[in-house]
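The values are calculated or read from the model by the stated rules, or taken from the named source; none is laboratory data. These numbers were taken from a predicted model, which means no experiment stands behind them. Glycine also receives a Cβ, built like all others from the backbone with ideal geometry; neighbour counts cover every protein chain displayed. When the accessible area is computed, the model is the full protein with side chains, heavy atoms only, and any ligands, DNA or RNA have been set aside. Shrake-Rupley method; radii C 1.70, N 1.55, O 1.52, S 1.80 Å.
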Amino acid sequence: MTTIASNLYNVRARIADACARAQRPVNEVTLLAVSKTFGPDAVREAHAAGQSAFGENYIQEAIEKVALLADLPLQWHCIGPIQSNKTRLVAQHFAWAHTIDRLKIAERLSEQRPPALPPLSVCVQVNIDGGASKAGVAPGEAFGLAQEVARLPHLRLRGLMTIPDPQDSFEAQLVTHERAAALFQELRAAGLDLDTLSMGMTADLEAAVAAGSTLVRVGTAIFGGRARAG
Ligand SMILES: *Cc1c(COP(=O)(O)O)cnc(C)c1O
């Protein structure tokens, strides 16, 4: 096995263990491999090891990779910030966008989604732990934005996404992830048809799965450490 293949095997085992401990079926949690900063060869290796969903933060970098890997049946998720001048690229080249925190961006994505493609799946990003400098809507604003996004014709609202600040202990991670899970359930109870809670990364995927995450975004544990931040 290659390093990436064995890393993927280990990450899938971590997810399976976390599901078993939470008494959740393992197929409730999707693994998104975060390939930002890594080249197309690393993505090919992961695909050969059975991985098909990939997350990218930097749109320009992602577009180049998407083109170089067009021969593979991959599903691309945008998990980085989306500026107005990048919405067209996201609408054209991605299957998902996780970082919707402004109606204007969602409207542009809907308008610019090519009619031949299925609706773009989107998540509303929530600033669940209130960091002043962070992207995402305040928890109290999530329902309003989600309702508006759900009405856009070429988007399909799937759920919520969070990126909490790093916390060392499982317990502290769990408290924050449980807050996001409660908000997710609240929105569902209010009538929104949501199936995705995108939360958990290399350092906190166990706590995220324990709280109810349905999609973990894992980079470092699959591809190794990154030279540049992000
Ligand atoms: C980089 C990144 C990840 C992956 O983080 P790791 O700690 O490397 O697993 C997940 N989500 C987002 C939004 C990211 O930017």
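List of remarks:
- Any hit, region 199-207, residues being touching a Leu at 6+ places or on another chain (Cβ under 8 Å), β-branched (V, I, T) and either away from the ligand (no atom under 12 Å from the Cβ) or not in a helix (DSSP H, G or I) (or both): no
- Test set (1) touching a residue at least 24 places away in the same chain (Cβ under 8 Å); (2) within 13 Å of the ligand (Cβ to nearest atom); (3) not charged (D, E, K, R) - G225 fails condition number: (1)
- Failed item in (1) open to solvent by 20 Å² or more (accessible area, probe 1.4 Å); (2) touching a residue at least 40 places away in the same chain (Cβ under 8 Å); (3) assigned to a loop (DSSP other than H, G, I, E, B), with G130 passing the rest: (2)
- Selection status of T30, within 30 Å of E107 (Cα to Cα) and polar (S, T, N, Q): yes
- The conditions of being aromatic (F, W, Y) and free of Cβ contacts under 8 Å to residues at least 24 places away in the same chain are met by W76.
- Set side by side, the residues A207, A172, A203 differ, and just one is out of contact with any helix residue (DSSP H, G or I) (no Cβ under 6 Å at 6 or more places or on another chain), closer than 24 Å to V26 by Cβ and among the small types (G, A, S), which is A203.
- For V209: the one exception among (1) under 23 Å from Y9 (Cα atoms); (2) out of contact with any Cys (no Cβ under 8 Å at 6 or more places or on another chain); (3) β-branched (V, I, T): (2)
- Residue that is surrounded by the fewest Cβ atoms within 10 Å (Cβ to Cβ) [pool: residues in region 187-230 that are of a type in the set (K, R) and over 13 Å from the mean Cα position of the chain (by Cα)]: R228
- Among the residues making up region 14-29, those that are away from the ligand (no atom under 13 Å from the Cβ) and either farther than 17 Å from M199 by Cα or not small (G, A, S) (or both) are D17, C19, A20, R21, Q23, R24, P25, V26, N27, E28, V29.
- Residue in region 163-175 that is under 17 Å from A97 (Cα atoms), more than 19 Å from the chain's Cα centre (by Cα), open to solvent by less than 70 Å² (accessible area, probe 1.4 Å) and at pLDDT 95 or above present: no
- Cβ separations smaller than 6 Å between residues 6+ apart or across chains give the following pairs from region 30-52 residues that are more than 28 Å from R158 (Cα to Cα) to residues that are more than 11 Å from the ligand (Cβ to nearest atom) and open to solvent by less than 30 Å² (accessible area, probe 1.4 Å): E45/I4.
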